[in-house]
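Contents: one structure, followed by commentary.
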Amino acid sequence: MNRGHLGKLLLILMMCPVAAFASAEQELSQVLAQTQRGNPQGRQAPMGQDVLAQALRLAQAGNYKDSSILLFQLSYSPRFRSRRNQIRYILGLNLFQMNLNQVAAFQFISVVREGESRYLRQALEKLSLAADNLGDDTLLNYALGRVRVDDFPRIHRDMLSYRIGEFQLRNNQFVEAAQSFSRVQRTSPLFAKAKYLQGVALTQANQLPQALRSFEDLFDSRRAFGPTDPSRVAAQMGIARVYYQQRNWARAIDTYRSVPRDTEAWHDTLFESSWAMLRSGRFRSALSNFHSLHSSYYEDFFIPESLLLRSIVYLYICKYEEMEKVLNLFNQIYRPVYNQIDRLLDSGADPTAFFNDMVRIIRDKKTQGEEGSSGSYQIPYLVGRRILREGDFQTSYNYITRLLEESRRVSQMPADWREAAIGQYAQRILQTRIARARERAGRQVRAHLESIKLELFDLFEQEGFIRYEMISGKRQAIQKRIAGRDLPQTQIDQATRRDYYIQNGFEYWPFRGEYWLDEIGNYHYVGTQSCD
């Protein structure tokens, strides 16, 4: 094969970034036929050229494993220094087709780092796709900082716009992020996520009417998926939060109440709607929410602020004994949590140890459900559950999961591929990336622990102020009693009959200290305020 034919063969493969090799099959065959006609005596090609031609034929035939073995060797050959970008790009395509995204990404990066070449745009495109498959923010940021949306194939522009929007949102570029998310087409699988994040970005930019329209558009677009569809529920939560930010307490409460109970977000609605109830003076409704929120079914949820909020409601209605019980419960639960976090942070534990502890929490949560708290962890279980919901940790954990899956695919490759230079290279890359990703995730866990420690410290200060107000209120009540202006002894109806509720369709059962799952969310506080 002469150099002209070989160059044409490489160019054919490079012109097919989406379909990789299949679309070039016919023309590739023609080139090979022309090569044979141009070499009727079977003259030997220059050393190495026949190996490259063989690697390309294997790739064109879909034999990516054997092709990658040859191409990897050639990528380090001084003989092919001038064509190294070509070879590495084709090698990256091979690995991409083998679903080895991380290993392929390193080949595309090497092409990008070489600077301007005819393969730069295609390498950036494939690097973006590989990073998207991995969910690797670092690779995505590297690629997105160099790619132009207009240069991207139309089929992948929705993904690119979505990822750019995520990057802008993380960097507090809220208006720009909203514009990027708006470019995602309604037919894209990413539309629901993009529309929700568009609403979030507009809310952060304080463009509340536009944010409300985004969430409402998302809600309407998901009607066919049923009331428990996660994207539809997310839209409801977004609408409620916008109403809350607009101080429209009534509509916020109504929207929170429309979230189905058999969804993961329903627990959050209890707490968030309680704030709206407090701000609008609906103390009974708030206390009814807290009775569900603080039931034994939610004892492994990290919600310290809710206990302080409940105590404030009791303060408003002068229920000092109940208020003191709640403040004592707050200290009983969260003082040990604070002390455990403090000791763990002072221990100087390796970041990987933090990540490994989170993995145990995740494993037990999946296998034991809410009984996972019976395990022994360095990180308090309810704090671990809180960290699980943090976006940066979720991204890192998902990335590590995909790396482990890729590592398993490598281990299942034929022995000749694993023992070849490309196989050893792939295993080394994945081992290094997994170790670094675990360390990075561990640092994220530590950062969240430090943030939670500061949050609890601040809440303990607030608890002290609230307790001071409680003592002050008790003192004033005693002073009134001494002055002869005693309050009525009975401020809450002690009778078990509740004719009002029964007449309005309620089936009344007085609370006897036991919680039943089918009653959660149906509690109603029927007491009155005890203030003069």
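The values are calculated or read from the model by the stated rules, or taken from the named source; none is laboratory data. Given the structure is predicted, the values throughout are model-derived calculations rather than measurements. Cβ coordinates were reconstructed from backbone atoms using ideal geometry, including for glycine residues, and neighbour counts include every protein chain displayed.
General observations
- For first residues located in segment 217-228 and farther than 19 Å from L202 by Cβ, partners that are modelled with pLDDT under 95 and lie 6+ apart or on another chain with Cβ distances below 8 Å form the pairs P227/P260; T228/P260; T228/D262; T228/T263.
- Being more than 24 Å from L293 (Cβ to Cβ) and over 22 Å from the mean Cα position of the chain (by Cα) is a property that holds for G226.
- Counting only helices (runs of 4 or more DSSP H) wholly contained in segment 184-302, the ones carrying 3 or more residues that are closer than 28 Å to S161 by Cβ occupy 191-204, 208-221, 230-245.
- Residue in segment 230-242 that is of a type outside the set (G, A, S) and loosely packed, with under 15 Cβ neighbours inside 10 Å present: yes
- Failed condition for Q179, given (1) of a type outside the set (D, E); (2) in contact with a helix residue (DSSP H, G or I) (Cβ under 6 Å, 6 or more places away or on another chain); (3) farther than 17 Å from V242 by Cβ; (4) in a helix (DSSP H, G or I): (2)
- Checking each residue in segment 102-148 for being in contact with a helix residue (DSSP H, G or I) (Cβ under 9 Å, 6 or more places away or on another chain), surrounded by fewer than 16 Cβ atoms within 10 Å (Cβ to Cβ) and free of Cβ contacts under 8 Å to residues at least 24 places away in the same chain picks out T138, G145, R148.
- In segment 37-52, the count of residues that are at pLDDT below 90, in contact with a Phe, Trp or Tyr (Cβ under 9 Å, 6 or more places away or on another chain), within 28 Å of V410 (Cβ to Cβ) and buried (at least 24 other Cβ atoms within 10 Å of the Cβ) is one or more.
- Residue within segment 445-458 that is at pLDDT 95 or above and small (G, A, S) present: yes
- The one condition from (1) modelled with pLDDT of 90 or more; (2) within 22 Å of I361 (Cβ to Cβ) that Y297 does not meet is (1).
- Check on Q204, under 19 Å from the mean Cα position of the chain (by Cα), of a type in the set (S, T, N, Q) and not assigned by TED's automatic domain parsing to the domain that holds N85: yes
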